[in-house]
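Enquirer: Sending over a structure as structure tokens; questions will come in a sec.
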Amino acid sequence: MKPIALAAEPPSQCETSTPQDRSWLPRTPLLQDLAPEIQQQLQLMSSVRTLRKGEYLFLEGEAISSFHYVLTGRIKEYYPAGDGGQCLRRIALAGHYLSLHQLLSGRINYTYSAMAIASARCWSWPTSLFLELMHREPTLALQVARVLSENVEHSCRHACLCRKTRALSKVAGYLLSKNNQMVQQRRLMGGREPTIRIDLRPVELAAAEICLARETFSRALSCLDERNLIRVVHGVVELVDEEGLKQISAVH
């Protein structure tokens, strides 16, 4: 397979990946099960970016240059509102792809903004080089389709949560969903820490993600804590009774 020519210099915001980064990258959803030579090319054309809290990964209207995979941290995706406000799209955690779907949309500009709400690290791929490889390698194109279909499934599940009428069932389902995402990412990275802690700070963003007022969301957290289903310390949640949460989340 003819290798794709890479840029002579990496973008100024990029840094050198660590051996640990490179060791588990082939196990991430987009690269897993691909031929080693394709994995190698994808690794060579990628770079690692570190974002400080409050730093933007990209802004609505900017030319699309890359898509990203969150390694650590939390990134807020939102649509700027005309009155200077924001409409939350999603809180992306480790294991999420950002702007991958725009590879296939034909758009040339980002349609939303992405900002770190905690320090974060991402793998980034230049869209032009990635598209060239994807057009030449059908297995990579199929992998992109598979990852995007999983994103659609997650979005459908999220929409179902937002339609629930009881705040307690919404919050229970939300916590289970976040926990499952973090467990999957921990397995990819080979982590062995048994306890998953879900950082919900700032709580108003977590509440907005499932269309609840901050006060309602906080009351539901307190109620679940009082029932010994979760443990909450300064906005960081640990699940204590997953089965109990599943029973509550099933209530409409």
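The values are calculated or read from the model by the stated rules, or taken from the named source; none is laboratory data. These numbers were taken from a predicted model, which means no experiment stands behind them. Because the Cβ atoms are built from the backbone with ideal geometry, glycine has one as well, and the counts that use them run over all protein chains shown.
Enquirer: List pairs: first in the range 57-85 and touching a residue at least 60 places away in the same chain (Cβ under 8 Å) and under 16 Å from I108 (Cα atoms), second in a strand (DSSP E or B) and of a type in the set (A, V, I, L, M), Cβ under 8 Å, 6+ apart or cross-chain?
Expert: F67/L98
Enquirer: Could you please find all residues in the range 207-233 being assigned to a helix (DSSP H, G or I) and touching a strand residue (DSSP E or B) at 6+ places or on another chain (Cβ under 7 Å)?
Expert: Going through the range 207-233, the residues assigned to a helix (DSSP H, G or I) turn out to be 207-209, 214-226.
A208, E209, L221, L224, D225 - these are the residues of the range 207-233 that are assigned to a helix (DSSP H, G or I) and touching a strand residue (DSSP E or B) at 6+ places or on another chain (Cβ under 7 Å).
Enquirer: On to the next question. Just to be sure, is H101 crowded, with 19+ Cβ neighbours inside 10 Å, under 17 Å from N151 (Cα atoms) and not assigned by TED's automatic domain parsing to the domain that holds A207? Step through it out loud before you land on a result.
Expert: Details: crowded, with 19+ Cβ neighbours inside 10 Å: no; under 17 Å from N151 (Cα atoms): yes; not assigned by TED's automatic domain parsing to the domain that holds A207: yes.
No, not satisfied.
Enquirer: Residues of the range 234-246 being touching an Asp or Glu at 6+ places or on another chain (Cβ under 8 Å) and either more than 23 Å from L205 (Cα to Cα) or in a loop (DSSP other than H, G, I, E, B) (or both), which ones?
Expert: The answer is G235, and nothing else.
Enquirer: Okay, next question. How many residues, within the range 219-241, are within 13 Å of S169 (Cα to Cα) and touching a helix residue (DSSP H, G or I) at 6+ places or on another chain (Cβ under 7 Å)?
Expert: The number of residues fulfilling the criteria is 5.
Enquirer: For S149, state whether it is surrounded by 13 or more Cβ atoms within 10 Å (Cβ to Cβ) and either within 16 Å of V48 (Cα to Cα) or of a type in the set (G, A, S) (or both). Steps first, please.
Expert: Values: surrounded by 13 or more Cβ atoms within 10 Å (Cβ to Cβ): no; either within 16 Å of V48 (Cα to Cα) or of a type in the set (G, A, S) (or both): yes.
No; evaluated as a whole, the condition is false for this residue.
Enquirer: Listed residues K170, K164, K178; which is of a type in the set (D, E, K, R) and out of contact with any Ser or Thr (no Cβ under 9 Å at 6 or more places or on another chain)? Reasoning before the result, please.
Expert: Values: K170 fails: out of contact with any Ser or Thr (no Cβ under 9 Å at 6 or more places or on another chain); K164 fails: out of contact with any Ser or Thr (no Cβ under 9 Å at 6 or more places or on another chain).
Residue meeting the stated conditions: K178.
Enquirer: Could you check how many residues of the range 207-222 are within 23 Å of the chain's Cα centre (by Cα) and among the charged types (D, E, K, R)?
Expert: Selection size over the range 207-222: 2.
Enquirer: Among (1) surrounded by 15 or more Cβ atoms within 10 Å (Cβ to Cβ); (2) modelled with pLDDT under 85, which single condition is G173 missing?
Expert: Single failed check for G173: (2).
Enquirer: For the list (1) in a loop (DSSP other than H, G, I, E, B); (2) surrounded by fewer than 20 Cβ atoms within 10 Å (Cβ to Cβ); (3) not polar (S, T, N, Q), I need the number of the one condition that A94 fails.
Expert: For A94, the exception is condition (2).
Enquirer: What pairs can you find where one residue is in the range 131-149 and part of a helix (DSSP H, G or I), the other is surrounded by 18 or more Cβ atoms within 10 Å (Cβ to Cβ) and aromatic (F, W, Y), and their Cβ atoms are less than 7 Å apart, with a gap of 6+ or different chains?
Expert: V147/Y97
Enquirer: Which one of V236, V203, V171, V183 is touching a residue at least 40 places away in the same chain (Cβ under 8 Å) and either in contact with a strand residue (DSSP E or B) (Cβ under 6 Å, 6 or more places away or on another chain) or within 22 Å of G73 (Cα to Cα) (or both)?
Expert: Working: V236 fails: touching a residue at least 40 places away in the same chain (Cβ under 8 Å); V203 fails: touching a residue at least 40 places away in the same chain (Cβ under 8 Å); V183 fails: touching a residue at least 40 places away in the same chain (Cβ under 8 Å).
Criteria check complete, one pass: V171.
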